[in-house]
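The values are calculated or read from the model by the stated rules, or taken from the named source; none is laboratory data. This structure is a prediction, so every number in the text was calculated from the model and none was measured. Cβ placement follows ideal geometry from the backbone for every residue including glycine, while neighbour counts extend to all protein chains displayed.
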C-alpha cells in the first residue's frame, strides 16, 4: 500500500467529496444513530474549497493510497506558535490500516511546530482515541466538542 500526500488543488475536490461524505456519515451512524451528518459543505466540496483552498492561512493536502484520493487534511501552521489541525478525514474503507497515524507523522515532519491544537466532536469517540494515540492530550471540553493539545 503506497500512501502519498499532495497539496490539494481544485481538481482534487470532486474526487474527495465521496470519501469525505462517507467518513462523516459513517461517524454520524455509529455515534449519533443518524444516516447523515457533518459540517456544512462536507458533502458537496464547499467545505474543502472554503477552508482548504480559499483560506490563504491554511495548507490543504490530499491523501492518496495507491494513486487514489482517500482523504485530506487542512493545517494552519505557525512554526513558532500553536498550529491547528483544522480537518483530517479518511474514507472508512481505508481506516484502521495505519494511514491516519502515517498522516499525522507526515504533518509533524512537514509542519514542525511548538504546539498543536484541534477540536473534534464530543461524541466522536473514535477520533478521541486516534488523537490520543498521536500524542494529543484533552485540554478542554463542552457539550459539543473536545479540544486537544500537543506540545513538542
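Kindly indicate whether any position in the stretch 2-14 is more than 24 Å from residue 105 (Cα to Cα) and touching a helix residue (DSSP H, G or I) at 6+ places or on another chain (Cβ under 8 Å).
For the stretch 2-14, residues more than 24 Å from residue 105 (Cα to Cα) and touching a helix residue (DSSP H, G or I) at 6+ places or on another chain (Cβ under 8 Å): present.
When the residues of the stretch 1-53 are filtered to those that are in contact (Cβ under 8 Å) with a residue 60 or more places away in the chain, touching a strand residue (DSSP E or B) at 6+ places or on another chain (Cβ under 6 Å) and surrounded by 14 or more Cβ atoms within 10 Å (Cβ to Cβ), which remaining residue is nearest to residue 95 (Cα to Cα)?
In this case the residue turns out to be 23.
With (1) at pLDDT 95 or above; (2) closer than 24 Å to residue 1 by Cβ; (3) surrounded by fewer than 18 Cβ atoms within 10 Å (Cβ to Cβ) as the list, and residue 62 as the residue in question, which single condition is left unmet?
In the conditions (1) at pLDDT 95 or above; (2) closer than 24 Å to residue 1 by Cβ; (3) surrounded by fewer than 18 Cβ atoms within 10 Å (Cβ to Cβ), residue 62 misses (3) alone.
Assess whether residue 109 counts as being more than 15 Å from the chain's Cα centre (by Cα) and either surrounded by 17 or more Cβ atoms within 10 Å (Cβ to Cβ) or in a strand (DSSP E or B) (or both).
no
For the stretch 96-109, what are the residues that are in contact with a strand residue (DSSP E or B) (Cβ under 9 Å, 6 or more places away or on another chain) and in contact (Cβ under 8 Å) with a residue 24 or more places away in the chain?
Passing the criteria: 97, 99, 100, 102, 103, 104, 106, 107.
Considering only residues that are in a helix (DSSP H, G or I), over 16 Å from the mean Cα position of the chain (by Cα) and at pLDDT below 95, which ones fall in the stretch 1-46?
29, 30, 31, 32
Mind counting the residues in the stretch 47-66 that are out of contact with any helix residue (DSSP H, G or I) (no Cβ under 8 Å at 6 or more places or on another chain), over 17 Å from residue 77 (Cβ atoms) and in a strand (DSSP E or B)?
1
If only one of 56, 128, 80 is free of Cβ contacts under 8 Å to residues at least 24 places away in the same chain and surrounded by fewer than 16 Cβ atoms within 10 Å (Cβ to Cβ), which one is it?
56
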